[in-house]
Amino acid sequence: MDILIKNGVLVTMDKDRRVLKNFSLAVEDGLITEIGKDLKGEADFVLDAADKIVLPGLINAHTHLAMTLFRGIADDLELMKWLNEVIWPIEGKLEPGHVYAGSLLGCLEMITTGTTCFNDMYFFMDEVARSVKEAGIRGVLSYPIIALEGTDVDKLLREADEGVREYSGGDDLVTAFFGPHAPYTCPTEVLLKVRDLAEKRRTGVHIHVSETKGEVENSVKEHGMPPFQYLDSIGFLYDRVVAAHAVWVSTEEIGILRERKTKVVHNPVCNMKLASGIAKVPEYLDNGVTVALGTDGAASNNTLDMFDTMKTCALLHKISTMDPAAMPAYQTLELATIKAAESLGLDDKIGSLEAGKKADIIFVDTHRPSLTPLNNPVSHLVYSARGCDVDTVIVDGKIVMENRVVRTLDKDEVLRFAQEQALDLLTKAGKREPVS
Ligand SMILES: [Zn+2]
C-alpha cells in the first residue's frame, strides 16, 4: 500500500455516522482501500495519527479563489456599493498573472486549513487550473459568464464550453462547471444557452441567486416574480444547479428547490459581513434540500477557513431561530463534507472516509489546549478547532501537507508573489497601495 494511517480517531461521515477510535486506514493508488482495527502490511508511508482526528478533507462549495488578493481592501460596505465602487473597478484591471498569484495563495490557504476541494467561479480559469494542479488539490472550476455592458457573451460561452470539455469526467483533480454569475447579470437567453450547454456536457451550473433583498425586489419588478420562481419559469433549475446564497427565498421557492433537487450553498460569514441576511438553512434541511457550505471570496469573509465557516453556521442558526438545538455539530460538519460533495455531484468519489473513495483526508491535531480533553471529536471539529489545527492533508492519495509543512508549494514564494501581484493590481486600478 502507499499510505497506512494508524491509531487515529476516524470521523468517517459515512451513512452509519461511524466515529472509530484507534483505527487504521489504508491508501493505495489514490483510493481508500481498507478501514480496520489494526491493519498490517508494508506501506511507503506510515502516518501515526495518535492524538489526531482523521476526517474527510473539507469542501468549500462556493468561492472566488483569486479574490485572496483583495483581502481587507473593502470591508464594512453594503453589497452593491462593495461591488460597484471597489470590487468591479479592480476586477476590470485583472490580468492572468494576478489570478495565478491569488489562486496559488488561495490553494495554500485551503491546504493549511484542511480544505481539499473547492468550487470556484472567477476570471482566467486556465490560471486557476494551473495553480490547482501545482498545489495538488481538487477543484471544480466554474467558467464565468457575465453579461455586463460591452462583454462578448458568446466568447465567454465558447470559452466556458471549451473549459468544460477539457475538464469533463475522468479522474482528473480538476473538473469544470458553467458559472453564469447571477440572474441579474445574465439575461434569460444567456441562462437558457448555459442550461442547454450544461445538459449537453452533463455537467453542473454554479450561480449566485437571491443574495440580497434588493435583488429579489428587482426581480419582482423585472420578471414579476422572485429569482428562483423566475429561474424555474424559464426551465433553468434542475439537480445540477448549485445556487450560492439563497438568502431571500419564499416558502413556495423552497418547494421549487426541493422539487428540482437544486443545491444551495450557504455562505454564513459573507452573508453576515455584508449584512445580506440569514438563509433559512434549518428550513432547507427540514424540506430535504441539499445544502453545502462555502466561504465566498476572501474579500467578503476574509479567510477561506472552513472551520470558521462551520462554527459561524451553527451559531448563526441557533441565534436566528432562538433554538440551541438548531444546526447540531454533526449536521454542520455534513454540510462541509458529504453534503458538499453531493452538491457538486462528487459524492461517489469524496466527502466521506469509505473504502473505494478517493483518499482526500485531513488530520486535526488534538494535542492542543483548546482541543483537550477529547470528549467529543465531532463537537471539537465544529466548535473548538480552527484551520491552523490541521496537521496533515492528503489529496488523491498524495501527502500534500505533513506536520504543517506543505510539500507541493513553496510557502514563502507563494506569499511573496501574492504580495507583489496584489500591489501591481491595486496600483493599476488606482487604489491605495496595500501595507507591505
Ligand atoms: Zn460569490
Item checked: Restricting the stretch 312-323 to residues that are in contact with a helix residue (DSSP H, G or I) (Cβ under 6 Å, 6 or more places away or on another chain) and aliphatic (A, V, I, L, M), the residue that is surrounded by the most Cβ atoms within 10 Å (Cβ to Cβ) -> 314
Notebook entry, point to check: Of all residues in the stretch 228-259 being more than 16 Å from the ligand (Cβ to nearest atom) and touching an Asp or Glu at 6+ places or on another chain (Cβ under 7 Å), which is nearest to residue 296 (Cα to Cα)?
Noted result: 228
Checklist line | Inter-residue pairs, beta-carbon under 6 Å, first surrounded by 21 or more Cβ atoms within 10 Å (Cβ to Cβ) and in the stretch 280-291, second polar (S, T, N, Q), 6+ apart | finding: 290/343
Notebook entry, point to check: In the stretch 143-166, is there at least one residue being touching a residue at least 24 places away in the same chain (Cβ under 8 Å), more than 16 Å from the ligand (Cβ to nearest atom), in a strand (DSSP E or B) and not hydroxyl-bearing (Ser, Thr, Tyr)?
Noted result: no
Margin query: For the stretch 293-311: of the residues being away from the ligand (no atom under 16 Å from the Cβ) and part of a helix (DSSP H, G or I), which is surrounded by the fewest Cβ atoms within 10 Å (Cβ to Cβ)?
Written below: 308
Margin query: Can you go through 74, 66, 61 and tell me which one is surrounded by 17 or more Cβ atoms within 10 Å (Cβ to Cβ), in contact (Cβ under 8 Å) with a residue 60 or more places away in the chain, among the small types (Gly, Ala, Ser) and assigned to a helix (DSSP H, G or I)?
Written below: 66
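Within the stretch 116-135, work out how many residues are under 12 Å from the mean Cα position of the chain (by Cα) and either more than 16 Å from residue 407 (Cβ to Cβ) or of a type in the set (A, V, I, L, M) (or both). Can you show your working first?
Narrowing the stretch 116-135 to residues under 12 Å from the mean Cα position of the chain (by Cα): 116-121.
Filter once more, keeping what is either more than 16 Å from residue 407 (Cβ to Cβ) or of a type in the set (A, V, I, L, M) (or both): 117-121.
Residues in the stretch 116-135 being under 12 Å from the mean Cα position of the chain (by Cα) and either more than 16 Å from residue 407 (Cβ to Cβ) or of a type in the set (A, V, I, L, M) (or both): 5 in total.
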Check: In the stretch 209-227, what count of residues is obtained for those that are more than 16 Å from the ligand (Cβ to nearest atom) and not in a helix (DSSP H, G or I)?
Finding: 3
Next item on the list: Determine whether the stretch 98-119 contains at least one residue that is in contact with a helix residue (DSSP H, G or I) (Cβ under 7 Å, 6 or more places away or on another chain), in the same structural domain as residue 155 (by TED's automatic domain parsing), of a type in the set (Phe, Trp, Tyr) and assigned to a strand (DSSP E or B).
Entry: yes
Check: Exactly one of (1) of a type in the set (Ser, Thr, Tyr); (2) out of contact with any Asp or Glu (no Cβ under 6 Å at 6 or more places or on another chain); (3) within 25 Å of residue 379 (Cβ to Cβ); (4) more than 16 Å from the ligand (Cβ to nearest atom) is unmet by residue 290. Its number?
Finding: (2)
Note to self: Please go through (1) more than 13 Å from the chain's Cα centre (by Cα); (2) within 16 Å of the ligand (Cβ to nearest atom) for residue 318 and return the number of the only condition it doesn't satisfy.
What the structure shows: (2)
Item checked: Cβ-Cβ under 6 Å pairs, at least 6 apart or on other chains, the stretch 203-222 side in the same structural domain as residue 192 (by TED's automatic domain parsing), far side away from the ligand (no atom under 16 Å from the Cβ) and assigned to a strand (DSSP E or B) -> none
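Can you tell me which residue among 420, 354 is modelled with pLDDT of 95 or more and farther than 28 Å from residue 328 by Cβ?
On the way: 354 fails: farther than 28 Å from residue 328 by Cβ.
Testing whether each residue is modelled with pLDDT of 95 or more and farther than 28 Å from residue 328 by Cβ leaves just 420.
The values are calculated or read from the model by the stated rules, or taken from the named source; none is laboratory data. Everything numeric here is computed off the predicted structure, so don't read it as measured data. Quick reminder, even Gly has a Cβ in these numbers, built from the backbone with ideal geometry, and neighbours come from all protein chains shown.
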